[in-house]
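Read-outs: derived from the displayed coordinates by stated rules, not from any lab. Owing to the predicted nature of the structure, the values given are computational and were not obtained by experimental measurement. Glycine also receives a Cβ, built like all others from the backbone with ideal geometry; neighbour counts cover every protein chain displayed.
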Ligand SMILES: Nc1ncnc2c1ncn2[C@@H]1O[C@H](COP(=O)(O)OP(=O)(O)OP(=O)(O)O)[C@@H](O)[C@H]1O
Ligand SMILES: [Mg+2]
């Protein structure tokens, strides 16, 4: 095969490739979703993956704050046709890109057909440009947010060891598996190294729910996480050797090397989200 033919084939292959969508969610708020998603995304990007983090927090843009960046554009400007979806992308200095959060998606399900079409077209294009698109689900669980979770290719559920957090995480897993039995679910225990808690959580899921979840590991309580947040820098970059950063490395390794890679049985993210949004 000539160089040109090989190049052509590569281009064809890459244009057929579609990003894997991962929704990072929790039951209870404030458990560490944004910090996990950001640091996991950076580490994934350092493995030569094209990563886009989509901040779906409808309140304050969390990712902006964690990166110490100020951005003018938001998803609301995309829907108003002021900028393209592409123009809403911000390049971070850590190898991953992101789309800042904002109130634009709050009432997504109520948008008119025209605005929904703009969003789908933009998203479809984006999915061809990245290997992974991670959705950082915000604290407020709107109907739209729940649709994004159910439409994703995979869900990561984060919990802390507190009983209230575990109970709410179980509620989230139950909600996902009840509505989408083929959803691959991965769990992460944050702020604790007590793996027995994660094991118990999985035992309960196995006994009471149809479907399963795989544990990816735990992230210990680490004072450097808060310090990094205060410095508005990702902890894996500011403190690469701290306990929490090592845990992210381990979780990424576990994820990349996982044996069970059964994906969703049918449809694409775009098809599923259109279905939920009713067109
Ligand atoms: N492993 C950890 N060790 C110590 N503190 C942590 C850890 N993970 C998160 N935190 C603390 O928890 C705070 C909240 O984290 P984060 O903003 O990532 O949560 P969230 O789940 O995204 O919240 P929300 O539901 O409001 O979006 C951080 O600012 C940090 O102080
Ligand atoms: Mg958050």
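So here's what we get for this one:
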item	result
Antiparallel %, DSSP beta bridges [both residues in the chain], to 5	5
Residue order, fewest to most beta carbons within 10 Å, for 57, 77, 260, 206	260, 206, 77, 57
Pairs of Cα atoms farther than 19 Å apart, the stretch 39-126, %	38
Cα-projected label distance for residue 81 with residue 262, points at 7 Å along beta-carbon direction, nm	4.6
Sorted by Cβ density within 10 Å, fewest first, the residues 186, 98	186, 98
log10 of Debye I(q)/I(0), alpha-carbon scatterers only, for the stretch 122-181 at 0.19, 0.23, 0.27 Å⁻¹	-0.81, -1.06, -1.27
Value of relative contact order over the stretch 17-276, rounded to a whole percent, pairs C-alpha under 8 Å and six or more apart	25
Calculated FRET efficiency for the pair residue 46/residue 73, C-beta based, R₀ 22 Å, to 0.05	0.25
Residue among 267, 217, 30 with the largest mean-square fluctuation in a Gaussian network model of the chain, springs linking Cα atoms under 10 Å	267
P(r), alpha carbons of the stretch 169-279 - 5 Å bins starting at zero, rounded %	2, 10, 16, 17, 17, 14, 12, 10, 2, 0
Value at 222 nm in deg cm²/dmol, rounded to 500, when DSSP H runs of n ≥ 4 in the chain each add -39,500 (n - 2.57)	-14000 deg cm²/dmol
Mean Cβ neighbour count within 10 Å, used as a protection proxy, ranking 125-134, 18-27 highest first	18-27, 125-134
The stretch 71-121 and the stretch 127-170: distance between their alpha carbon centers, rounded to Å	19
Semi-axis lengths (Å, descending) of the ellipsoid that matches the C-alpha gyration tensor of the chain	28, 22, 21
